[in-house]
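Every number in this text was worked out from the coordinates using simple rules, so none of it is lab data. Please read these numbers as outputs of a predicted model, since none were measured by experiment. Here the Cβ positions follow ideal geometry from the backbone for every residue, glycine too, while neighbour counts run over all protein chains shown.
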4 protein chains.
Amino acid sequence: MIKVGIIGATAYTSREIIKILLRHPDVDISYLGTRREGNFKISEIFPVLEDTLDMPCSQMVLDDLPNGLDMVFVTLPPVVAMQYVPMFLNAGIRVVDLSADYRFQEKSIYERWYETKHTDPSNLEKAVYGLPEIFREKIKKADLVANPGCYPTSAIIGLAPLILNCYVHTDDIIIDAKSGISGRGREPKEGTHYCECNENIEAYNVGEHRHMPEIENILSLIGKSETKVYFTPHLIPMNRGILCTTYAKTKKKSSCKEIIAIYNEFYSKEPFVRVKKDDKLPKTKDVANTNFCEIAIRVVDERVIILSSIDNLIKGAAGQAVQNMNIMYGFKETLGLLY
Amino acid sequence: MIKVGIIGATAYTSREIIKILLRHPDVDISYLGTRREGNFKISEIFPVLEDTLDMPCSQMVLDDLPNGLDMVFVTLPPVVAMQYVPMFLNAGIRVVDLSADYRFQEKSIYERWYETKHTDPSNLEKAVYGLPEIFREKIKKADLVANPGCYPTSAIIGLAPLILNCYVHTDDIIIDAKSGISGRGREPKEGTHYCECNENIEAYNVGEHRHMPEIENILSLIGKSETKVYFTPHLIPMNRGILCTTYAKTKKKSSCKEIIAIYNEFYSKEPFVRVKKDDKLPKTKDVANTNFCEIAIRVVDERVIILSSIDNLIKGAAGQAVQNMNIMYGFKETLGLLY
Amino acid sequence: MIKVGIIGATAYTSREIIKILLRHPDVDISYLGTRREGNFKISEIFPVLEDTLDMPCSQMVLDDLPNGLDMVFVTLPPVVAMQYVPMFLNAGIRVVDLSADYRFQEKSIYERWYETKHTDPSNLEKAVYGLPEIFREKIKKADLVANPGCYPTSAIIGLAPLILNCYVHTDDIIIDAKSGISGRGREPKEGTHYCECNENIEAYNVGEHRHMPEIENILSLIGKSETKVYFTPHLIPMNRGILCTTYAKTKKKSSCKEIIAIYNEFYSKEPFVRVKKDDKLPKTKDVANTNFCEIAIRVVDERVIILSSIDNLIKGAAGQAVQNMNIMYGFKETLGLLY
Amino acid sequence: MIKVGIIGATAYTSREIIKILLRHPDVDISYLGTRREGNFKISEIFPVLEDTLDMPCSQMVLDDLPNGLDMVFVTLPPVVAMQYVPMFLNAGIRVVDLSADYRFQEKSIYERWYETKHTDPSNLEKAVYGLPEIFREKIKKADLVANPGCYPTSAIIGLAPLILNCYVHTDDIIIDAKSGISGRGREPKEGTHYCECNENIEAYNVGEHRHMPEIENILSLIGKSETKVYFTPHLIPMNRGILCTTYAKTKKKSSCKEIIAIYNEFYSKEPFVRVKKDDKLPKTKDVANTNFCEIAIRVVDERVIILSSIDNLIKGAAGQAVQNMNIMYGFKETLGLLY
């Protein structure tokens, strides 16, 4: 039984982490930290937790370490997260950080895209990118895991088998991504107003979303060669779910069957990746509230088209964070996550 | 051709007034006033108006009268509206006010429910409640029309024939009302956040919504006896539409047929009230984007159950405001509103 | 460990039962029966179950008993269910039936409302109405539990404390109920077409829904006096959730505080009923995907207004069915249901 | 004043044609034909039309010509449409056909994709593709206009300026399209069931949708060279709206400004095309219920990314059909469509 804290307890992703951990036999939720003022229980913020976790939240003060924790999930916004992470690491507390602050090995890329100086470069170097399907061995030994972004999770799982096997050209990959509104976070603003989102679809940050360099960075690492993606995110009137429709150009003519075989082999032992059978295509509703990623492949002439879907709050955030914890502590990887 | 101004041009209801007036052959939109700073066209606020009304908004200053207007629609919030209305009336400009500031003949009721002193009591006395189905004759001659609230419009049209004919007990009327999210206004807040509204229904302000005294006030006027209603509003995950399910107790046993006959006669000449035929029930989608109110009646034992539906932004606000303008100026009542 | 079968495995409620049982430590899903032809796994019908329950469905033949089962959940439609239930009971297999076929002690009420002869009257007499909050002791010993309808669950939990304590008049109770579209079942028809349901609210079966006599029947039993309800169901554009807004007339003037105290005591030991604190009101999203029922009380003059919300597929069907199974087998009542 | 008939009056698109024509000063709706049996008014099918068009529908019999019509809109399904169209043309009645039956100049392409023999090849040759922005001059004189598909309208308007000016490679165009559910038609089936569509996004017919050859066909015509597109349609949980995100490869390096200038010039006189200004992007809600198409351009390295949005039922069907009629009869092109 490990003692776990959640740093930034009032985020949507924290609610999901809590719901998963309540099902986990080997975890004790010991601390809920928040920057909000006032005395309140987490179930006052998320009434869905009433009678299942009526635990008080603690107001966090920088450099004031909570007692007796083995590991923490940090769900603070980028830039804020790296203010808190070193304190935990220094005290020997392992960290799964859900912000973007430790996702880039190269400080300079982070600093360009997040328009700020990185204040914790030494830990940045040691951080492991928490995509179990690719970096499982490193995650086992990591003290700091940088949990991937929601779009990158979906896109990279969709592309990794082709990139690793050098099957596609790496200079012309198009990722057309669609996300539910919870991806926009909890803050009320015009872009999250019901009447602005409902009965509407729109693209945003075309070619300049911060998840684009994250995807390029990791794919380059996987394929051991510079990878360039065109990335267009869209907002869809639903609460949760991401579907990536990815278009890559094959180096040599391949049948759909051949490519599906590559995926089936690559993911044959993965507990949370489902390569769709027959002529089925992923629907986000089939992965909603689960840690699964569904993938389907189509080949049209020179293009392979990859459909990959996840729940942005689970496999794209909270679920994957718990999966990483399971790996770090040698728990069965699916604990808390399968049912 | 009359010259019309809209005072508070960036509200959702103003967008709807504009869309209707653009179809109106006898109206010239001459002025769009706003309290927002900066130079912008209305089509920058509402891109749907691009190429149909690319008119600049004017920043309003209290006591600085716009030129050359015949009438104005005031879509400012309550309390603010009554600061602006006198200026127009004093200059001989007729007003349809969409706030609550002139809906109560008795100042004291307003002051209790809106928790503020009424600053324009003399105009309050002269104001006419703008429900054409009941007060058409008075509206014709009015200089100041208080456009009804959205819930009251739906509820009162549903009850008026029974109240006027003293068919039901007036001390035990239950109005269970359901509204789309646009009724909450344009301001982003937790209660209008997509993820909080979507896949959810909730009641709010049970027994203490400000539209309750408005409904009681007007029904008492219609029935010439004190009327008490129990009013429970609910929020529904859709953009527009109100359905009121109203339960009244008949004084003597009546068949559904008899009561429908009363409604059919009462509304026989009304251009915007549809009493449903046969066994049909109102659906809000059938009145969406229209100025119609649909009504159906069921009798179960001692209770008559009235279903009445409107589009909260049209018959519940903008459309009714234009209908009132048509009546005030002797235009055909359906101009701009039927198609 | 008990061996459980699901009879009617392709219904939405069966999917939910399966998801819950997969979390249950003492249950083995041993049989999935369906009337559909062909060989298929349940995960082909519900892709969300892929990799968690890839079990084949068996085509059922009347009078052909599946082997080795301890109990079954019957999710067949009314009238069909009572064709299958006797076979299981005769073989000593306990049954939780989710249809309406065994909910009425009086055969005649069933026959009037379901317009058919009851073909299994002897078991009807022995069936226990599976609302644990009221009939827990009887459920423990029952071989046949009639799982309540979704609306009745929400309405009865909302009213029981007042009815049992004779606090309200039983001849004038109004239940205004709102349900998500999944309550309409899986069959594609005009009334479940996305474009007909989305951006729409409507009432249906006003005063003649089959859940009305079910509610009256059970409330009469609880209060030991004839109870009459006016029941109006509505369809709301969301997948799951029911909110009942119930208006009852108190016999003597009572404060909201007094009545909440009654509820708090009545439900103090119930694991799945939450009486809302302070000024909070139920939101269906706070009980979605859970077995909880949330209740809030308001008193306005002579009326007590009860808001009660559930997930129609969980506490209104699958979750309550498992709760009943837990009670029947002496398992901890919350097993599989709390997290 | 021309006398117009609608052939297939109970389709969603017919409802929209009717709503538009009711605003049109020069059109008389003279005939509503349907293949459904029974006597009914159109307002019984579409209650939104009650009190605005309570006209009876006529049951059509093949070869039985309705009297006194000048032109007809045919909204029958493909294959059925070409059974009815010749009858009207032979009688000198002009036709706007909304099916796919006359959209392909080459019979063979039609026959391959619609898997049927074309039964009216002589009229096929004379038909004009009804995209006013490209084929206005031909439409003026046409007796038979083939109204474009919804996806093709959005995609072709988005691409035409680049294709015509030979700015992009025509062998590697990717069109990632998203549509509301009304694009699936009125028929209730699993794919239009509310609970299957809501809270879900999915792709369908990847690389094999019938609108793909239609787009290729017309772009090839416009660019005078074989054009190949990769086309992936998706279903979005909303009633109406299409957004196409199109990725084309520029032949020579160009700035976003240059390309926007091309679009601004190309569409400078078009009444229904809006090239977005500044950094704005199209939202489907800004064109909902209008005949507008909104376009925005982004350039990222070698790729130009085109966002184009329409209302699938209006500019993608009914509105464009009326626009074509206006052109055919020399009416002002925006009549009935602008407000």
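Computed from the Cβ-Cβ distance with R0 of 25 Å, the FRET efficiency linking A:Val61 to C:Asp279 stands at 0.20. Take segment B:1-111, drop everything but the C-alpha atoms, weight them equally and run the Debye formula without solvent; then report log10 I(q)/I(0) at 0.10, 0.16, 0.20 Å⁻¹ to two decimals. Log10 I(q)/I(0), no solvent term: -0.28, -0.71, -1.07. Across the copies of the chain, B:Lys138 has label points (7 Å from Cα along Cα→Cβ) spaced 5.7, 6.3, 7.6 nm apart, shortest distance listed first.
For chain D, the residue among D:Ile139, D:Cys256, D:Ile17 whose Cα projects farthest onto the positive side of the dipole built from Cβ charges is D:Cys256. Based on C-alpha pairs under 8 angstrom that are at least 6 apart in sequence, segment A:151-312 has a relative contact order of 31 percent.
Based only on other Cβ atoms within 10 Å, what is the fewest-to-most ordering of D:Cys57, D:Cys293? Walk me through the numbers before you get to the answer.
On the way: D:Cys57 23, D:Cys293 29.
By the 10 Å Cβ count, ascending: D:Cys57, D:Cys293.
For chain C, the spread of Cα coordinates along the three principal axes comes to 61, 44, 40 Å, biggest extent given first.
Shape index of segment D:197-331: Rg/Rh, with Rg the Cα radius of gyration and Rh the Kirkwood radius from the inverse mean 1/r over Cα pairs, equals 0.97. Ordering B:Gly183, B:Phe266, B:Val299 by the projection of their Cα atoms onto the charge dipole of segment B:151-312, which places +1 on the Cβ of Lys and Arg and -1 on the Cβ of Asp and Glu, puts B:Phe266 at the extreme positive end. The aspartates and glutamates within cross-link reach of B:Lys140, meaning a Cα-to-Cα straight distance under 19 Å and a gap of 8 or more places when in the same chain, are B:Asp26, B:Asp70, B:Asp97, B:Glu125, B:Glu270, B:Glu333.
Peptide B:285-298 has a mean of 4 when you count, residue by residue, the C-beta atoms of other protein chains within 10 Å of its C-beta. Each copy carries a label point for A:Gln105 at 7 Å from Cα along the beta-carbon vector; from one copy to the others these points are 5.5, 7.4, 8.1 nm apart, nearest first.
Expressed in nm², what is the orientationally averaged projection area of the convex hull enclosing the Cα positions of segment A:27-171?
Averaging across all directions leaves 10.9 nm² for the Cα convex hull.
Dipole size of the protein assembly as shown about its Cα centre, with +1 on Lys/Arg Cβ and -1 on Asp/Glu Cβ: approximately 0 debye, rounded to the nearest 20.
Simple point charges give the picture: +1 on the Cβ of Lys and Arg, -1 on the Cβ of Asp and Glu, and for segment A:151-312 a dipole about the Cα centre of about 480 debye.
Taking the Cα centre of chain A as origin, sum charge times position over the Cβ atoms of Lys and Arg (+1) and Asp and Glu (-1), and report the length of that vector in debye to the nearest 20.
On the way: 41 positive and 44 negative charges, 184 e Å.
The calculation lands at about 880 debye.
Using Cβ counts within 10 Å as a stand-in for footprinting exposure, how do D:Met71, C:Met1, A:Met55 rank, fewest first?
Values: D:Met71 20, C:Met1 9, A:Met55 16.
Exposure proxy ranking, most exposed first: C:Met1, A:Met55, D:Met71.
Taking a straight line from the alpha carbon of B:Lys257, these aspartates and glutamates sit under 16 Å away, with near neighbours fewer than eight places off in the same chain left out: B:Glu265, B:Asp278, B:Asp279, B:Asp301, B:Glu302.
For the protein assembly as shown, pairs of C-alpha atoms spaced more than 55 angstrom apart make up 23 percent of the total.
From the alpha carbon gyration tensor of segment D:94-137, can you work out the equivalent ellipsoid semi-axes (sqrt of 5 times each eigenvalue) and give them in Å, largest to smallest? Kindly include the intermediate steps, with their values, before the conclusion.
Details: eigenvalues 77, 24, 17 Å².
After scaling each eigenvalue by five and taking roots: 20, 11, 9 Å.
Relative to the other identical copies, A:Val80 shows label-point distances of 2.9, 5.2, 5.7 nm, where the label point lies 7 Å from Cα along the Cβ direction and values run shortest first. Distance from the alpha carbon centroid of segment B:63-77 to that of segment A:150-168 works out to 59 angstrom. Judged by the mean number of other Cβ atoms found within 10 Å, the most tightly packed of the peptides A:132-138, C:88-94, C:129-135 leads the ranking C:129-135, A:132-138, C:88-94. Spatial offset of segment A:222-241 relative to segment A:280-328 amounts to 12 Å, using the alpha carbon center of each. Here the chain A residue lying nearest the rotation axis onto D, judged by its C-beta and given with the distance in whole angstrom, is A:Asp176, 2. Of the cross-linked pairs C:Lys178/D:Lys41; B:Lys19/D:Lys19; A:Lys228/A:Lys315; A:Lys249/A:Lys269; C:Lys253/C:Lys283; B:Lys178/C:Lys283, those separated by over 20 Å at the C-alpha level are C:Lys178/D:Lys41; A:Lys228/A:Lys315; A:Lys249/A:Lys269; C:Lys253/C:Lys283.
For segment A:106-168, report the % of Cα-Cα distances exceeding 16 Å. Present the calculation step by step, with values, prior to reporting the outcome.
Working: 1131 of 1953 pairs.
Cα-Cα pairs in segment A:106-168 separated by more than 16 Å: 58 percent.
By the helix-only formula, in which each DSSP H run with n ≥ 4 contributes -39500 (n - 2.57) and the sum is divided by residues, the protein assembly as shown has a 222 nm mean residue ellipticity of -8500 deg cm²/dmol.
For chain D, the residue among D:Pro148, D:Asn90, D:Gln59 whose Cα projects farthest onto the positive side of the dipole built from Cβ charges is D:Pro148.
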